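Nothing in this text is a laboratory measurement; each read-out follows from the coordinates by a stated rule. All of these numbers come straight from a predicted model, not from anything done at the bench. Using ideal geometry, Cβ is built from the backbone for each residue, glycine included, and neighbour counts are taken over all protein chains shown.
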């Protein structure tokens, strides 16, 4: 099946710093990737849709200046949490679909962010 | 926005028993999918059922969809301890491209 990777798998940072999370589709090209956030014992909430070569589409309530998304190639999308604060601590998960299989999303293993 | 609601929130059964989880949603959908998540891990796609389908099977999994009631169920038969995980339903909506809306999930514990 299709494989999606994320890097790093976990990160601890100080408040005020920026953190970049990478999402890669390893064996397929993805024009669209999705970024989700999951707080402990809660469900996944869609943050934004990352579109290759164009601006990301953000969900209501998600600050686009705080969560910068770049989808520079067909296999890589990055999410940068700028000026991170403790309330940004969460589990960030990306997903992507192979061409012709857009209904089924393959999820990365997630990145756990802890902001001190 | 989140629209799937799973029930129960938590379920504890013994190995060999069947586990049934339900999901309700609110809007028109293209499909409904079930995912599994082990603690602190990514999601694994289990099964997709389209809006024009009523039932689907995959191994020990059986999914039903009732679009008139806007509900779905996931049945895991002959459960195993390794089935312990959280299970989420997610809907693909007619007007939101391919983004998924996830329910709150059911936490399943299967004891030996």
In nm, the gap between the two label points placed 7 Å beyond Cα toward Cβ at residue B:14 and residue B:69 is 2.9
So, with points 7 Å from each Cα along the Cβ direction, the residue B:61-residue A:42 label distance in nm works out to 2.6
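Report the calculated FRET efficiency for residue B:27 and residue A:114 (r = Cβ-Cβ distance, R0 = 25 Å), to the nearest 0.05. Don't jump to the answer; show the numbers that get you there.
Details: r = 35 Å, r/R0 = 1.39.
According to the calculation, E is roughly 0.10.
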Each label sits 7 Å from Cα toward the beta-carbon; between residue B:38 and residue A:103 the label points are separated, in nm, by 2.8
